[in-house]
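J.: Encoded as structure tokens, here's the structure I'll be asking about.
The values are calculated or read from the model by the stated rules, or taken from the named source; none is laboratory data. Just so you know, these numbers come straight off a predicted model, no measurement behind them. Here Cβ is always computed from backbone atoms with ideal geometry, including for glycine, and neighbour counts include all displayed protein chains. Note: accessible area is taken over every heavy atom of the protein model, side chains too, but ligands, DNA and RNA are not part of it. Shrake-Rupley method; radii C 1.70, N 1.55, O 1.52, S 1.80 Å.
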Amino acid sequence: MMGRGEAGNDSVEIKVHPRQANTPAGSPPHPSQFQNQSVFKNWVPWLVPLFVVANVAVFIAVMYVNDCPSNSGSCVAPSLGRFSFQPLKENPLLGPSSSTLEKMGALDVNSVVHKHQSWRLISCIWLHAGVFHVLANMLSLLFIGIRLEQEFGFLRVGLVYVISGYGGSLLSALFIQTGISVGASGALFGLLGGMLAELITNWTIYANKFAALLTLLCIIAVNLAVGLLPHVDNFAHIGGFLSGFFLGFVFLIRPQFKWINQKTCPPGYIAPPAQSKHQTYQYVLWVISLTVLIIGFTLGMVALFRGVNVNNNCSWCHYLSCAPTSLWSCKSQQVYCQSMELGSQLKLTCLSNGKSNMYDLSNNDSSKVQMLCAQLCS
């Protein structure tokens with residue numbers, strides 16, 4: 001998936017001119033006098049596997065809290081007890097109910113804006129809607145993240161992952177302000193964006209540059225195209241990718257060859273002079289990217305807490321998250337329920353299918369009632 005060809009190795013070939021007693025300075029050296037040195041540290045990855053374990057552990061905890069047998073009449077895999085899944089009609093991904101996900105920290109714009117629960121912008125990237133969802137994301141994380149952590153270390157890759165996930169949540173909240181959103185996809189797209197930026201800013205160290213670039217662009221395009229399907233939060237993907245792309249210019253930068261030669265040149269060898277650790281264009285991209293990130297996140301948070309819905313100012317933006325075709329519709333179906341309070345319980349009746357159910361509610365939260373209504377009408 002990384003498509004980096006020969007440049008994927010953690011060492012680069014350093015060619016330095018040896019100066020010996022019988023070889024005048026500046027004369028062409030014999031090819032046998034060239035030598036290879038490993039100059040980039042090969043990190044042992046542990047943070048990405050820890051992220052995978054954490055995501056799986058959180059999913060198990062969510063299923064424990066969900067306790068399908070106590071809240072639903074028919075569960076999938078009832079032999080699992082309280083870890084059994086919600087009915088497929090309600091959640092085809094084999095997972096918990098939307099109300100449980102909301103309780104555990106899913107991205108809910110109403111809670112973020114009106115209840116000051118900004119932490120949901122981060123907590124939602126550790127939650128998943130079902131077994132298929134968490135399995136696909138964790139396999140992708142291992143495939144992409146392990147190699148990046150080997151090359152750049154846990155700190156830089158961890159920052160790209162978490163900040164990209166936050167950026168994806170922020171853009172999603174600005175465009176999709178009904179329902180909830182969960183998943184690590186925004187953070188994963190951030191790693192893809194970081195890989196693209198790393199290829200661009202460290203262009204000179206790569207072999208087969210254009211082949212690597214074309215392969216990476218194809219992978220990114222295919223994954224973004226999947227986000228055009230209904231019920232997929234492509235704004236989180238786009239936000240994560242853009243965040244990771246700019247973060248890549250900040251965190252995933254490599255020194256230029258001449259500077260490496262100077263630092264690693266053994267005694268008796270002459271290395272080409274280098275006044276700067278990085279090239280000028282790398283510094284320019286670093287400054288531009290950091291500026292874009294600071295301004296973008298600041299404006300995004302201000303707009304979010306002011307209740308701005310970007311769709312009101314962009315009539316075509318919704319097509320970025322779902323493209324309608326003859327096979328599916330992108331229109332969200334509104335559900336309506338009749339509610340009746342009976343003591344400490346709330347009776348909901350779905351107006352579209354006539355189903356009724358009783359719920360114990362400690363507080364009459366409108367967003368929670370709407371989620372229960374959606375489950376009842378599904």
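J.: Between ILE122 and VAL222, take the C-beta separation as r, use R0 = 22 Å, and let me know the FRET efficiency to the nearest 0.05.
T.: My answer for the efficiency is 0.20.
J.: Where the centroid of each part is defined by its Cα atoms, how far is the range 144-201 from the range 55-84 in Å?
T.: 29 Å
J.: Same structure, new question: Could you calculate the FRET efficiency of THR215 with LEU139 from 1/(1 + (r/R0)^6), where r is the beta carbon distance between them and R0 is 30 Å, rounded to 0.05?
T.: The calculated FRET efficiency here is 0.95.
J.: If packing is taken as the average count of other Cβ atoms within 10 Å, what order do 45-53, 227-235, 165-173 fall into, highest mean first?
T.: Per-residue Cβ counts within 10 Å, averaged per peptide and sorted highest first, yield 165-173, 227-235, 45-53.
J.: Next up: Any chance you could run the full-extension gain for VAL232 through ALA207? It's 0.36 nm times the residue separation minus the Cα-Cα distance, nm to one decimal.
T.: Length difference between fully extended and current span is 5.4 nm.
J.: In nanometres, what is the gap between the two model label sites at LYS41 and THR178, each 7 Å from Cα along Cα-to-Cβ?
T.: Result: 5.1 nm between the two label points.
J.: Would the range 84-138 count as rounded, prolate or oblate if I go by the C-alpha gyration tensor, calling it rounded below 1.5 in a/c and otherwise prolate when a/b exceeds b/c, oblate otherwise?
T.: Note, shape of the range 84-138 comes out oblate.
J.: How much area per residue is accessible in the range 116-255 when the probe is 1.4 Å and only protein heavy atoms are counted (Å²)?
T.: Roughly 35 Å² per residue, with all protein chains present.
J.: A follow-up question, please. Would the range 64-180 count as rounded, prolate or oblate if I go by the C-alpha gyration tensor, calling it rounded below 1.5 in a/c and otherwise prolate when a/b exceeds b/c, oblate otherwise?
T.: oblate
J.: Can you put THR298, THR178 in order of accessible area, largest first, using a 1.4 Å probe?
T.: Putting THR298, THR178 in descending order of accessible area: THR178, THR298.
J.: Need the full-extension length gain, ILE60 to LYS277, defined as separation in residues times 0.36 nm minus the C-alpha distance. One decimal, nm.
T.: Stretched fully, the ILE60-LYS277 segment lengthens by 73.5 nm.
J.: How would you rank 182-193, 71-82, 131-142, highest first, on the average number of other Cβ atoms within 10 Å across their residues?
T.: Result, highest mean Cβ count within 10 Å first: 182-193, 131-142, 71-82.
J.: Quick one: if you stick a label point 7 Å off each Cα along the C-beta vector at PHE297 and SER70, how many nm between them?
T.: According to this spin-label approximation, the distance is 3.8 nm.
J.: Next question, about the same structure. For TRP203, what accessible surface area do you get with a 1.4 Å probe? Give it in Å², rounded to 10.
T.: Number for this one is 70 Å².
J.: Given labels modelled 7 Å from the Cα in the Cβ direction, how far is it in nm from TRP328 to VAL284?
T.: Placing both labels 7 Å beyond Cα along the Cβ direction yields 4.2 nm.
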